[in-house]
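The values are calculated or read from the model by the stated rules, or taken from the named source; none is laboratory data. Since the model is a prediction, treat every value here as computed from it, not as a measurement. Ideal geometry is used to build each Cβ from the backbone, glycine not excepted, and the neighbour counts take in all protein chains shown.
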Amino acid sequence: MSPLELAESEPRPDCRVIHVEGELDLNVAFQLVRRLEDATAAEIVLVDLRECAFVDSTGLAAFVHARDAMERSGTRFAIVGANDRVLRVLEMTGLSGKSHLFDDVEDALGQLRS
């Protein structure tokens, strides 16, 4: 199992990117939930999964909850860089609709531009 590592960046003043590395599962999903809650002041929040090997149902629940909460507050939420394995699971949850999935941060920012 790959331990979860989270990092953040701000490619623009109105955008926060949470970078997820390793496996996102029941044991560590709460860490992502905290980061997502802290990020809600931004206009755009992106979760970068390029280095994420696995997401279980608790990780998916964190994404769905974050998306719903951010949409209610006017924050745009998207996931970028999901590998094929993670992408299939995201598509089953409905996270692939409403412009929530992008290949990379630049693509997301171009599409979610104010």
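Just to check your reading of the model, which residue among 28, 47 is within 13 Å of residue 6 (Cβ to Cβ), aliphatic (A, V, I, L, M) and modelled with pLDDT of 95 or more?
Among 28, 47, only 47 is within 13 Å of residue 6 (Cβ to Cβ), aliphatic (A, V, I, L, M) and modelled with pLDDT of 95 or more.
State all residues of segment 1-22 that are touching a Gly at 6+ places or on another chain (Cβ under 7 Å) and either among the charged types (D, E, K, R) or surrounded by fewer than 17 Cβ atoms within 10 Å (Cβ to Cβ) (or both); if no residue qualifies, say none.
Step one: of segment 1-22, the residues touching a Gly at 6+ places or on another chain (Cβ under 7 Å) are 2-5.
Residues satisfying the conditions are 2, 3, 5.
For segment 96-110, which positions are of a type outside the set (Gly, Ala, Ser) and either modelled with pLDDT of 90 or more or within 12 Å of residue 47 (Cα to Cα) (or both)? Spell out the reasoning first.
Looking only at segment 96-110, we keep the residues that are of a type outside the set (Gly, Ala, Ser), and these are 98, 100-107, 109.
Selection gives 100, 101, 102, 103, 104, 105, 106, 107, 109.
Let's see how each residue does on (1) surrounded by 19 or more Cβ atoms within 10 Å (Cβ to Cβ); (2) of a type in the set (Lys, Arg); (3) free of Cβ contacts under 8 Å to residues at least 40 places away in the same chain; (4) on the phi < 0 side of the Ramachandran plot:
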residue: 39; (1), (2), (3), (4): yes, no, yes, yes
residue: 43; (1), (2), (3), (4): no, no, no, yes
residue: 48; (1), (2), (3), (4): yes, no, no, yes
residue: 52; (1), (2), (3), (4): yes, no, yes, yes
residue: 77; (1), (2), (3), (4): yes, no, yes, yes
residue: 103; (1), (2), (3), (4): no, no, yes, yes
residue: 108; (1), (2), (3), (4): yes, no, no, yes
Condition broken by residue 95, with the remaining ones in (1) surrounded by fewer than 19 Cβ atoms within 10 Å (Cβ to Cβ); (2) aliphatic (A, V, I, L, M); (3) farther than 21 Å from residue 7 by Cβ satisfied: (1)
Which listed residue, of 25, 56, is over 17 Å from residue 95 (Cα atoms) and surrounded by fewer than 16 Cβ atoms within 10 Å (Cβ to Cβ): 25
Condition met for residue 78 (part of a loop (DSSP other than H, G, I, E, B), within 23 Å of residue 112 (Cα to Cα) and either under 10 Å from the mean Cα position of the chain (by Cα) or aliphatic (A, V, I, L, M) (or both)): no
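For the structure I just gave you, tell me whether residue 89 is in contact with a helix residue (DSSP H, G or I) (Cβ under 6 Å, 6 or more places away or on another chain), part of a helix (DSSP H, G or I) and surrounded by fewer than 22 Cβ atoms within 10 Å (Cβ to Cβ).
Values: in contact with a helix residue (DSSP H, G or I) (Cβ under 6 Å, 6 or more places away or on another chain): no; part of a helix (DSSP H, G or I): yes; surrounded by fewer than 22 Cβ atoms within 10 Å (Cβ to Cβ): yes.
So residue 89 does not fit the description; no.
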